[in-house]
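Note sheet for the following structure.
Coordinate-derived values only; no laboratory data. Here the structure is a predicted model, which is why all the values come from computation and not from measurement.
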Amino acid sequence: MFDSGIFDRNLLSLSLHNEELAIELTHTKTNSSISFKTSRTGCLVPFIVHNQREYSLHSLFDPEKEARRYSDSIKVGGYIVVLGFGAGYHIKALLDRKDINSILIIDRNIELFKSILGAIDLSDILSDPRVTLLVDKSPDYIKDFLPSNYLPAVTGDFSTISLRSRIESEKEYFNSVLNSIRNVLDTLSDDYTVQTWFGKRWFVNTVANLKSAEKAVTVLPPVRDVIIAAAGPSLEMQLNDLLQKSAENFLISTDTALSCLLKNGIKPDLVISIDCQQITYHHFMAGFPKDIPLVMDMASPPLLSRLSDKTFFFASAHPFSKYINRNWRKFPFVDTSGGNVTHAAISLADKLGARSIRIYGADFSYPEGKSYARGTYIYPYFTSKSIRTEPLESEFYRFLYRNDNITMLKTEYGYRYQTRPMLSYKERLESFAENINAGIIPVYGLGEPISVPVKKPASPSSQFFSAGVCRTSWREFLSSYKTKLKNLNVPDIPPSRYLAGLDFTDLDIWTTLFPAAAVLRKKYRDTDITSPEILREIRKWALDVIEQNLD
């Protein structure tokens, strides 16, 4: 039933956006196990034989009505992954919806695909710029492909639909694909959620910090044995031991633990801060000795850079931070992917060449219902908010139960409260500990036990931790970035297709705005705003931020 005229029409449409697959199809045989029947409504329906069983890929009664049910099962548009191509009825129904930005179709057996393209005119699907096709790609390939094609801030929500009979005929393959997709989404979802809260703040702070970052010249020498002070409640019972050990070790304090250490007569050798929120300044309200180096993220609140005579900036994985590193001044990288400052402190210690890292106060839970050690910012902060009818205990209770998924765990030493985000932080730290040179020694407390590999002390490092030379002034760099941003064409076609066609320079500029675009996407979640409109608005917003700083 192969019609070369229909096939050529489909091939021409496919070649508009997927020339590689079109060329491969010209050298592919057709599949002898496929046949076609006509539905009661006159639609052609493919049948395939697999493992001596025949599968109808669509309804033999009304495949178009069945397709509309598939489409209606997707409540919110955005980015759709379709498992199984079939004769494309379900895909046509999806393309009728204006709220769907991108459709990724995954299928197996290119000979089967060619046979269908030689029998049914599917040129309207294949020529649609929203459609991307992956045929005979391994689950690992799909796992690597998806993060670069699915950009939640731009393309919106993620959904999957499966052509049931096609999935049944290739269960093992499609189950592996689904597992790969889940793994990608688990990674992307946590990062995207953070972007929806802080994406704009990262950009605003980083732009505002450029002037200070140009002047920062602090150099941090290598270290050997390091102590890290986190701010969990267990820090209270560990202070005496920490004080004794600090005489022989290099002490890094997280910003949250700083006031507790200072009030107990312990002066750290260095303080690290990564939080972009203005409330971070509360950690320093009790005072900050100006001779202590302050290591801060480029996205930290600009006020912090005035606290120390030895301010030191580092780069993180934020897109704008990476752009600065490539195009203006190279700052040392600190891993902030753990989502908490303790994780970043460990990364810093490792970058400084530490051979051992001893951690105090890292509870990753709320022992006995306490959130932080006494002496940290939260006590005076909550005291200032409390009144006679809303005492201090009420503030702590609300802080604890702001988490919907909190659970209580009884232990032989009492009890502690657990939350999924806290446990996730701990798991990321444990995974990170396996891949660094230094050996980590968690000091016993009342929080979640930290399981890390036992390592021999690492060889000491002689490498200094410092920033590179500025290529231009901060003002010239920001003006150049502004010009490139203004010159970008805002797309009218689906964003994934538009972005895939950009050269590296233009794509690099757009990528710097994706975290801020996530905030906008969240704001307009229940509206019919399009992806091009998101890109237009976020570009205008970024240009306004830049203009304010240049003025």
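Some notes on this structure:
- Compactness of the stretch 496-542 as Cα Rg over 2.2 N^0.38 Å, two decimals: 1.16
- Taking a straight Cα-Cα cut-off under 13 Å and skipping sequence neighbours fewer than 8 places away in the same chain, the aspartates and glutamates within cross-link reach of Lys92 are Glu64, Glu66, Asp72, Asp121, Asp124, Asp128.
- Relative compactness, the chain, computed as alpha-carbon Rg over 2.2 N^0.38 Å: 1.16
- With the convex hull of its Cα atoms as the shape, the stretch 244-291 has an orientation-averaged projected area of 3.5 nm².
- Global geometry of the stretch 1-93, whether rounded, prolate or oblate, following the gyration tensor of its Cα atoms and the 1.5 cut on a/c: oblate
- Using C-alpha pairs below 8 Å separated by at least 6 residues, the relative contact order for the stretch 4-190 is 26 percent.
- Close amide H partners of Val81, meaning residues 5 or more places away or on another chain with modelled amide H under 5 Å apart, are Leu104, Ser159, Thr160, Ile161.
- Here, P(r) means the percent of Cα pairs in each 5 Å bin from 0 to the largest distance; for the stretch 423-551 it is 2, 8, 13, 12, 10, 9, 9, 12, 12, 10, 4, 0.
- Sequence-distant residues sharing a close amide H with Arg358 (under 5 Å, placed H): Val226, Ile227, Ile228, Ile441
- Its Cα gyration tensor gives the stretch 225-442 an equivalent ellipsoid, and the semi-axes of that ellipsoid, as √(5λ) in whole Å with the largest first, are 27, 20, 19.
- When restricted to Cα atoms, the stretch 45-204 yields an Rg and a Dmax of 16.7, 62 Å, respectively.
- Of the three principal axes defined by the Cα atoms of the stretch 460-527, the extents in descending order read 54, 30, 23 Å.
- Over the stretch 81-142: Rg over Rh, Cα atoms, Kirkwood Rh: 0.95
- Cα-based reach from Lys29 at 13 Å (exclusive), listing aspartates and glutamates while leaving out same-chain residues under 8 positions away: Glu111
- Here the Karplus curve 6.51 cos²θ - 1.76 cosθ + 1.60, taken at θ = phi - 60°, turns the phi angles of the stretch 171-185 into couplings of 4, 4, 5, 5, 5, 5, 5, 4, 5, 5, 4, 4, 4, 5, 5 Hz, with x standing for Gly and Pro.
- Over 29 Å between alpha carbons, listed pairs Lys65/Lys522; Lys322/Lys426; Lys75/Lys370: Lys65/Lys522; Lys75/Lys370
- Among beta bridges identified by DSSP and lying wholly in the chain, the antiparallel ones come to about 30 percent.
- Helices in the chain, meaning DSSP H runs of at least 4 residues, each add -39500 (n - 2.57). Divided by all residues, the mean residue ellipticity at 222 nm is -13000 deg cm²/dmol.
- Our estimate of slack between Leu400 and Gln244, defined as 0.36 nm per intervening residue step minus the Cα-Cα distance, is 52.9 nm.
- Remark: the stretch 337-345, residue by residue, has Karplus-estimated 3J(HN,Hα) of 5, x, x, 8, 6, 5, 4, 5, 5 Hz, where x stands for each Gly or Pro and the curve is 6.51 cos²θ - 1.76 cosθ + 1.60 at θ = phi - 60°.
- Relative pair counts by distance (%), Cα atoms of the stretch 209-282, 10 Å bins: 17, 44, 29, 9, 0
- Each residue of the stretch 146-158 is assigned a 3J(HN,Hα), and the resulting list reads 4, x, 8, 9, 9, 10, x, 5, 9, 8, x, 5, 10 Hz, derived from the Karplus form 6.51 cos²θ - 1.76 cosθ + 1.60 (θ = phi - 60°), x at Gly and Pro.
- Gained length - Asp544 relative to Arg306, 0.36 nm times residue gap less alpha-carbon distance: 83.2 nm
- Stretchable slack from Lys290 to Glu430, in nm (0.36 nm times residue separation minus alpha-carbon distance): 47.1 nm
- The relative contact order of the stretch 470-550, computed from alpha carbon pairs under 8 Å that lie at least 6 residues apart in sequence, is 45 percent.
- Hull volume per residue, based on the alpha-carbon atoms of the stretch 315-406 and their convex hull, is 161 Å³.
- For the chain, the relative contact order comes to 16 percent (Cα pairs under 8 Å, sequence separation of at least 6).
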